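Peer 1: Sharing a structure, written as structure tokens. Questions coming.
The values are calculated or read from the model by the stated rules, or taken from the named source; none is laboratory data. The shown structure was predicted, so the numbers you read here are calculated from the model rather than taken from an experiment. Methodologically, a virtual Cβ is constructed for each residue, glycine included, from the backbone with ideal geometry; neighbour enumeration extends over all protein chains shown. Quick note on the areas: whole protein, heavy atoms, side chains included, nothing else; ligands and nucleic acids left out. Shrake-Rupley method; radii C 1.70, N 1.55, O 1.52, S 1.80 Å.
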Amino acid sequence: MFTLKKVTPDAIQAVYSGAEGQLWELIMGEQVHIGGMSSSIELATFGGVRGGMTVADLCCCSGAGMRFLLKLCGASHATGVDFTKAQLTLGKQRMAQAGIPPSQYKFHLGDVAQPHLKEASVDLVWGEDAWCYVLDKPKLVAQARRALKPDGRVAFSDWVATDKLTSAEAKHFMTFMKFPTLMTVEDYAKLLAKTGFQKVKTRVSPYFVPSIRHYLAMYTGQQAYDAFRLLGFSEEAYTAVLDEMLFIENLAKAKKIVQAYFAGSC
């Protein structure tokens, strides 16, 4: 695991409360994770998601994962936890736009590494490419385990490092992405097992490289003007973001950074 101590919660909240968060959604869509809905569907299948489940999305952002689970997977109720107030405000608006009544969802503002859900209250804990923003991953996974019913399941995706990534590359990458820690597949698998999850399984997704290439095409093509606008029409800022995206593309092509799926049962 790589750790970058200088990344603070305030820095992450600033990203998702302002123009940078809007920029990522501009080029990635409402589902701000690698692979979009294709990845969500694959993760749901991999994790054994079934209709009627009560679900909790930890690091839910604006609740796109919750809406996916409610509208497309037949979940009966979804609870989201996130520490960025602006995203939860947006999430409530989007729930209404999607025609989801308040009785089917609930948002909690707070740190996912702290208890916000009742013990043994949900069938599924879910996450999509967001746990990389959490510093204390053992506490996060412990909260996931605590919230699950005795026959519950965890299913999440995340950006993870491989043994090919150097410390210098990790520092560069994590500084730009505002990741306080960066796990490997093995790190997560061991943590899940240590926390009491059974039948832990992992899989590297196929979506990272094609997704980054798509984002680059959007950033430099169709959405270039909108990106310039969000960056204050600063050519320097636009070029700086482009350079970082190209750096991430190179890491992905070299299989130094991947998106991986994780699942386990109680």
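Peer 1: Around residue 105, which amide H atoms from residues at least 5 apart in sequence, or from another chain, sit under 5 Å from its own amide H, with H modelled in the peptide plane?
Peer 2: It is 78, by chain and number.
Peer 1: If I compute solvent accessible area with a 1.4 Å probe over the protein chains, what percent of it on the range 1-150 is carbon and sulfur?
Peer 2: 55 percent
Peer 1: Additional query: Find how much the distance from residue 54 to residue 235 grows on full extension, using 0.36 nm per residue of separation minus their present alpha carbon separation; answer in nm with one decimal.
Peer 2: This chain segment gains 60.5 nm when fully extended.
Peer 1: From the backbone phi of the range 255-266, what are the Karplus-calculated ³J(HN,Hα) couplings (6.51 cos²θ - 1.76 cosθ + 1.60, θ = phi - 60°) in whole Hz, Gly and Pro given as x?
Peer 2: Using θ = phi - 60°, the values come out as 6, 8, 10, 9, 9, 10, 9, 9, 8, x, 10, 7 Hz.
Peer 1: If I build a Gaussian network model for the chain, linking alpha-carbon pairs within less than 10 angstrom, which residue out of 102, 115, 138 has the largest mean-square fluctuation?
Peer 2: Fluctuation is largest for 102.
Peer 1: While we're here: Angle, helix 235-253 long axis vs. longest principal axis of the chain, Cα atoms, 0 to 90°, nearest 10?
Peer 2: 60 degrees
Peer 1: Using a 1.4 Å probe, how large is the accessible area of residue 185, given in Å² and rounded to the nearest 10?
Peer 2: That residue has around 30 Å² of solvent-accessible surface.
Peer 1: What is the magnitude of the charge dipole of the range 1-64 about its Cα centre, with +1 placed on the Cβ of each Lys and Arg, -1 on the Cβ of each Asp and Glu, and no other charges, expressed in debye to the nearest 20?
Peer 2: 220 debye
Peer 1: Sticking with this one: Amide H of residue 125: which non-local residues (sequence gap of 5 or more, or other chain) have their own amide H closer than 5 Å, using H built in the peptide plane?
Peer 2: Those qualifying (amide H under 5 Å, at least 5 residues apart or on another chain) are 56, 153, 154, 155.
Peer 1: Also: Taking the Cα atoms only, what angle lies between the long axis of helix 19-28 and the longest principal axis of the chain, rounded to 10 degrees?
Peer 2: 80 degrees
Peer 1: Spin-label point model (7 Å from Cα, Cβ direction): what's the residue 71 to residue 171 distance in nm?
Peer 2: Once both label points are built, they end up 4.3 nm from each other.
Peer 1: How high is the FRET efficiency from residue 198 to residue 247, r the C-beta distance, R0 41 Å, rounded to 0.05?
Peer 2: Computed FRET efficiency for residue 198 and residue 247: 0.60.
Peer 1: Another question, then. Report the Cα centroid-to-centroid distance between the range 217-253 and the range 59-117 in angstrom, as an integer.
Peer 2: Value for the Cα centre distance between the two parts: 29 Å.
Peer 1: Oh, and also: What distance in nm lies between label points placed 7 Å from Cα along the C-beta direction at residue 225 and residue 5?
Peer 2: My value for the distance between the label points is 4.8 nm.
Peer 1: Let me ask something else about it. Between residue 85 and residue 213, what FRET efficiency comes out of the Förster formula 1/(1 + (r/R0)^6) with R0 = 51 Å and r the beta carbon distance, rounded to 0.05?
Peer 2: Plugging the Cβ-Cβ distance into 1/(1 + (r/R0)^6) gives 0.95.
Peer 1: Mind ordering 231-238, 73-80, 248-255 by average Cβ neighbours within 10 Å, highest first? Don't skip to the answer; put the middle values down first.
Peer 2: Values: 231-238: 12.6, 73-80: 21.4, 248-255: 16.8.
Most protected by this proxy first, the peptides run 73-80, 248-255, 231-238.
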